[in-house]
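Everything on this sheet refers to the single structure shown next.
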Amino acid sequence: MQNWRKILFKEKAVKYTLAAAASMSILIVLLIFTFLGKEAFGFLYEPGLKELFHTRWMPVSSQRESFGLVPLICGSLLVTTMATIIMIPFGVGASVYIAELAKPRERETLKPFIEILACIPSVVIGFFGLLIIVPMVKKVFGLQSGYNALSGAILLALMAIPTVISISEDAIRSVPKDYKSASLALGASKMQTVWRVIVPAALPGIITAVMLGIGRVIGETMAVMMVTGNSALITGNPTESVRTMTATIAAEMGEVPFGSTHYKALFCVGIVLLIATFILNLIAFKILKKYRMIG
Amino acid sequence: MKTRKMTSVLIALAMSFALFAGCSKKDADSGDNTFITIKGSDTMAHLVASWAEEFGKSNTGIDVSFTGGGSGTGIAAILNGTTDICAASREVKDKEIKQANDKGITLTELVVARDGIAVIVNPANPVNEMTIEQIGKIYTGATPNWSTVGGVDMPVEILSRESSSGTYSFFQDVVLNKKDYAVSAKLMPATSAIVQAVTENKGAIGYVGLGYALAAKGKVKIIAVKADASTPAVVPSDASIKEGTYSVARGLQFYTNGEPTGNIKKFLDYCLSSAGQKIVQETGYVVVK
C-alpha cells in the first residue's frame with residue numbers, strides 16, 4: 001500500500017514538473033511582451049507616438065533626430081515579399097519532387113543536403129551573400145551596386161527554402177493514397193494527378209509551410225544586414241538599398257545610450273517586429289488546425 | 001560547446017571580481033597611486049588596454065585599469081574626480097573647461113596618438129583629390145554625380161559606417177559640417193564591408209581608418225583632401241597626420257587634473273616612449289613622436 005502511494009506521489013510530481021516546463025514558454029512570451037513594452041513605453045510621452053510615423057529614420061543627427069518606422073517597415077516588407085516570391089516555386093517544386101516523383105535513392109541523397117542547408121548559420125550565409133550573391137546581382141541586372149533588397153531577398157529565400165520543403169513535403173505525403181489511386185484509375189496522367197489532385201489536397205499544409213518560411217525571413221538579421229546596404233529608404237524598388245527592422249536593432253542596439261529616446265525607439269521597432277511574427281504564426285497555426293481537421 | 005561557453009562566462013565573472021577586489025587596494029600610506037584608473041573613449045580602448053598590459057609587465061605593483069563609455073563619460077568622470085586619467089578622442093569643449101574651472105580642476109592635455117580617416121574610392125575613378133566641402137556635399141546627398149567634382153558621369157554610391165560608430169559622428173562633425181548623412185547612404189556593418197564595396201563599384205566612396213586603407217592598397221584609391229579650395233591637397237600618411245596638415249584626423253588625448261606626478265606621470269611617459277609609440281603603430285593609429 002505504502003509503495004503505491006509513493007508511486008502515485010512520484011507520478012504527480014513528474015506530471016507537475018513537466019507541466020511547469022511546458023508552460024514556461026507561455027510565461028516567457030508574456031515576460032518578453034511586458035519588458036519590451038516597459039522599455040518602449042517612455043516613447044509615448046517623449047517624443048510621442050506620432051514620431052514613429054515620421055518618414056525618416058535618422059537616429060544620430062545634429063540637426064533633428066527622427067525615429068520614423070515607415071522606412072524600416074517598408075524595408076522589411078519589400079525584402080520579405082521578394083523572398084516569398086522566390087521561395088514559393090523553389091520550395092514547393094522541390095517538395096513535390098521529393099514527395100511524389102523522386103526515386104527512393106534520389107530522395108535519400110536530396111534530403112540530407114536540404115537539412116544541411118537548413119542548419120547553416122546565418123552569418124555564414126551572409127558571407128556567401130557578400131562574396132557571391134552581391135556581385136552576381138550587380139552583374140546579372142547591370143546595376144551599379146549589388147547591395148540591395150534583391151540580394152537580401154535571395155539570401156533569405158535560400159535560408160527559408162529548407163523549412164518550406166520539409167513542411168510541405170510532410171503535407172503532400174499525408175494526402176491519402178486513395179486520392180492518388182482514384183485519380184490514376186480514372187485515367188489521369190501522373191503529372192495531372194500531382195498538380196490537380198495531390199497538391200490541391202495538400203494546399204493548406206503548403207500554405208502553412210510558406211507562412212513559417214516567411215516568419216523565418218522576417219526575423220532574420222545577420223545575413224540581411226550584410227547584403228542590403230542598410231539605407232533607410234522608402235522604396236518599392238528591389239534594386240535599391242533598404243534597411244530592415246531586424247538589421248536596425250542589431251546595428252544600433254550595441255552603442256545606444258541606455259534610456260535615451262533612440263533606445264526606446266529601438267524597443268518600439270522590436271514590438272512591431274514581434275507583432276508581425278506573432279500574426280504570421282497565428283495565421284499559420286489556424287490553417288494548420290483546419291488542415292488537420294480535414295486531413 | 002555549451003560547457004565551454006559556461007567556463008568562459010565563469011572566467012569572465014572571476015576576472016571582474018578580481019578587478020573589483022583590485023579597486024579597494026589603493027595604497028593610502030605612500031601618498032602615491034599604485035592603482036591608476038583611466039576612463040573614456042571606446043575608440044582608444046584597444047590602445048589603452050595594450051599600454052596598460054605592457055606597462056604592467058615592467059612595473060609590477062602599479063595597476064592600470066581602463067573603462068570605456070565614451071569620451072564624454074571620461075571627461076565627466078575626471079570632473080567628478082572619479083578617475084585619474086581621462087582618455088578622449090575629441091578635445092574638451094569650452095563648456096567642459098568652464099565646468100572644470102568652477103570645480104577648481106585644471107585639465108592638462110597630452111596628445112598620445114593620432115587617428116586619421118582616409119576617404120577611399122575605386123581605383124578606376126579618375127578623381128584624385130577633393131576639398132572637405134566637396135566630400136561633405138557628396139555625403140549629404142547634394143552632389144549625386146561624380147561629374148560635379150571633376151569625375152566622369154557616374155552616380156555616387158555613398159558608403160558609411162553604422163550610426164553607432166564613433167567614426168560616423170566624427171566624420172559627420174568634421175566633413176559633413178554637422179549636417180545629416182544622405183538617406184541613400186549605405187550603412188555598412190563593418191570597415192571591411194566598406195572596402196569590399198568600394199572595390200566592387202566604380203562609383204563608390206567610403207571612409208575608413210588609415211590603417212585599413214593602407215592595408216587595402218591597390219584595391220582602393222585614397223583621396224587627397226584639401227582643407228579648402230586654396231590649400232594644397234594632402235594625402236593621409238603618418239607624416240601628414242602627425243604634422244596636422246591632413247584635415248580628417250583627430251588627436252587621441254589623455255587629460256589629467258593638473259600636471260601629472262608620480263606613477264601617473266610614469267605611465268604617461270611610458271605611453272610617449274618609443275615602446276609606447278610602437279604599440280600605437282601596432283594598434284593602427286599614428287604616432288605623435
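With both labels modelled 7 Å from their Cα along Cα-to-Cβ, the B:E53 to A:Q192 distance reads 7.4 nm. Taking chain B as a Gaussian network, Cα atoms linked when under 10 Å apart, which of B:N263, B:N122, B:N59 shows the biggest mean-square fluctuation? In the Gaussian network model the winner is B:N59. For the listed residue pairs B:K95/B:K226; B:K266/B:K289; B:K219/B:K289, the alpha carbons are over 19 angstrom apart in B:K95/B:K226; B:K219/B:K289.
Over 27 Å between C-alpha atoms is what I'm after, so list which of B:K137/B:K186; B:K186/B:K217; B:K178/B:K242; A:K139/B:K186; B:K137/B:K221; A:K264/B:K137 land there. Spell out each step's value before the answer.
Working: B:K137/B:K186 16 Å; B:K186/B:K217 22 Å; B:K178/B:K242 25 Å; A:K139/B:K186 19 Å; B:K137/B:K221 19 Å; A:K264/B:K137 31 Å.
As for pairs spanning more than 27 Å Cα to Cα, those are A:K264/B:K137.
Give the separation of the Cα centroids, the range A:174-242 to the range A:22-51, in Å. Comparing the Cα centres of the range A:174-242 and the range A:22-51, I get a distance of 32 Å.
In percent, rounded to a whole number, the relative contact order of the range A:52-294 is 27, using alpha-carbon pairs under 8 Å and six or more apart. Across the range A:187-196, rounded Karplus estimates of 3J(HN,Hα) from the backbone phi angles (6.51 cos²θ - 1.76 cosθ + 1.60, θ = phi - 60°) give x, 6, 6, 4, 5, 4, 4, 4, 7, 9 Hz, Gly and Pro being marked x.
Neighbours of B:D173, meaning other residues whose beta-carbon lies under 13 angstrom from its beta-carbon, give a summed charge of +3 when Lys and Arg score +1 and Asp and Glu score -1. Run the paramagnetic zone check for B:S230: 7 angstrom along Cα to Cβ, then residues of the range B:121-157 with backbone nitrogen under 18 Å. What the label zone holds, given the 18 Å backbone N cut-off, is B:131-134.
The amide H of A:F67, built 1.01 Å from its N in the peptide plane, has A:M58 as neighbours under 5 Å, considering only residues 5 or more places off or on other chains.
For the range A:197-237, backbone nitrogen atoms closer than 13 Å to the point 7 Å from A:L131 Cα along Cα-to-C-beta are found at no residue. As a calculated quantity, the FRET efficiency between B:D238 and A:F9 at R0 = 60 Å, using C-beta atoms, amounts to about 0.20.
Placing dummy labels 7 Å off each Cα toward the beta-carbon, the span from A:I85 to A:L27 is 4.6 nm.
Among the DSSP helices (H) of chain A, those spanning at least 20 angstrom by Cα along their long axis with an average Kyte-Doolittle hydropathy of 1.0 or more are A:70-96, A:149-173, A:199-219, A:261-294; this is a geometric and hydropathy rule only. Every helix of 4 or more DSSP H residues in chain B counts as -39500 (n - 2.57), and over all residues that averages to -11500 deg cm²/dmol at 222 nm. For B:E109 and B:E133, the FRET efficiency from 1/(1 + (r/R0)^6), where r spans their Cβ atoms and R0 equals 22 Å, is about 0.15.
Computed from backbone phi, the HN-Hα couplings of the range B:229-242 come to 4, 8, 8, x, 6, 10, 7, x, 8, 4, 5, 5, 6, 5 Hz, rounded to whole numbers (Karplus: 6.51 cos²θ - 1.76 cosθ + 1.60, θ = phi - 60°; Gly and Pro given as x).
Every number here is computed from the coordinates shown, using simple stated rules; none is lab data. None of these values were measured; they are calculated from a predicted model. All Cβ positions, even for glycine, are placed from backbone atoms using ideal geometry, and neighbour counts span all protein chains on display.
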